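**Student:** One structure, pasted below without further comment.
Taken together, the values in this text are just the output of simple stated rules run on the coordinates, not laboratory data. It should be emphasised that the depicted structure is a prediction, and the values quoted were computed from it without experimental measurement. Ideal geometry is used to build each Cβ from the backbone, glycine not excepted, and the neighbour counts take in all protein chains shown.
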Amino acid sequence: MPAAAAFLLVAAVAAGSLDPARVAVAHALADDFSPGCAANELRAAVRDASISTLGMVAGRKVVLASVESSCICGNVNCPFYVLRLGAGNTPAVLLNTYAYGVTPAGHAAPLPNLREIAHDSALVSDETIDAFRDGKYVAIASARIRSDTGARKANAIPVHFAPGTSLAVLSGSVSEGWYDEYALVAARGQHITIAGPAGLNYELTNQTSRPIALRPGVAVTLPAGGTWLLQVDGGGDTGQAYRATVTIR
């Protein structure tokens, strides 16, 4: 643990100046410490953190905490923690994320779903819906939202191939930075081909390989199997409607 974070915890806990929820926030910050913060900045961040109760799990209170400090926050995104308070000082961290807003969404038991909104760019914010599963929060859906129009697009739209076929039709409207994203499952060594307007950008990504640029009509051999994300992006500010086909053989 960095010296400043250790000092924060020792001073705050020893003085008995923090309630259990803020002690839990202090521990979470210590584990997620930003080296740009001084000890007094960390103390202030813990003191001023916004904390609300989400519910109870295994007889322990679960809280949502947002921390704001210029030394911690990125480009308007700040840390949010979901913490299950324990008998001791060390909490269980159920969610650790950066956003500019995290709010309950619905009334699921024992804990509600959460809606995260994070700044992506001047044009787009990222929305993530988290659900409590197997003792922690996990993302179950995500989308992008335009700040100028409020329009939204889901991420990783599943591509479905009809039984006995290897071709699927994609359609939408895109502009630069306001892309469509599709998810498809393929095996290593299979060939993927896109057929669509030449003025658009097509790119494949996954968790292990370098991004692959696709050109209409040119087959590409996949270097790995699993889930691939296909982005269809525009080249200008004006929305361009498209209809494309993707083939995997």
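**Student:** So how tilted is helix 20-31 from the main axis of the chain? Cα-based, degrees 0 to 90, rounded to 10.
**Tutor:** For 20-31 against the chain, the angle is about 60 degrees.
**Student:** If you consider only alpha-carbon coordinates, what radius of gyration and Dmax does the chain have, in Å?
**Tutor:** According to the Cα coordinates of the chain, Rg and Dmax are 22.5, 69 Å.
**Student:** Find, to one decimal place in angstroms, the Kirkwood hydrodynamic radius of segment 99-156, where the mean of 1/r is taken over every pair of different Cα atoms and then inverted.
**Tutor:** 12.0
**Student:** Tabulate in residue order the Karplus-calculated ³J(HN,Hα) for segment 105-121, using 6.51 cos²θ - 1.76 cosθ + 1.60 with θ = phi - 60°, rounded to whole Hz; enter x for Gly and Pro.
**Tutor:** 9, x, 10, 5, 10, x, 10, x, 5, 10, 10, 9, 10, 10, 6, 9, 8
**Student:** At R0 = 30 Å, how high is the FRET efficiency between THR221 and ILE145 if r is their beta carbon distance? Nearest 0.05 is fine.
**Tutor:** FRET efficiency, THR221 to ILE145: 0.25.
**Student:** So, one more: Along the charge dipole of the chain, which of GLY235, GLY86, TYR202 sits closest to the positive end, that is, farthest toward it, with unit charges on the beta carbon of Lys, Arg, Asp and Glu (+1, +1, -1, -1)?
**Tutor:** Farthest towards the positive end: GLY86.
**Student:** Taking the simple approach of a point 7 Å from Cα along Cα-to-Cβ for both ARG60 and THR245, what is their distance in nm?
**Tutor:** About 5.6 nm, to one decimal.
**Student:** Now, a different point. Hey, in the GNM for the chain with a 10 angstrom Cα cutoff, which one of ALA45, ALA26, ALA186 fluctuates hardest?
**Tutor:** Most flexible of the set in this elastic network: ALA186.
**Student:** Among the chymotrypsin sites (Phe, Trp or Tyr not before Pro) in segment 144-249, which ones are in a DSSP loop with at most 14 other Cβ atoms within 10 Å of the Cβ? Mind listing them?
**Tutor:** Of the chymotrypsin sites (Phe, Trp or Tyr not before Pro), the ones in loops of segment 144-249 whose Cβ has at most 14 other Cβ atoms within 10 Å are PHE161.
**Student:** Over segment 156-248, what lengths in whole Å, largest first, do the semi-axes of the equivalent ellipsoid take, defined as the square roots of 5 times the eigenvalues of the alpha-carbon gyration tensor?
**Tutor:** Value: 21, 14, 12 Å, ordered largest first.
**Student:** Need the full-extension length gain, ASP134 to GLN190, defined as separation in residues times 0.36 nm minus the C-alpha distance. One decimal, nm.
**Tutor:** 16.6 nm
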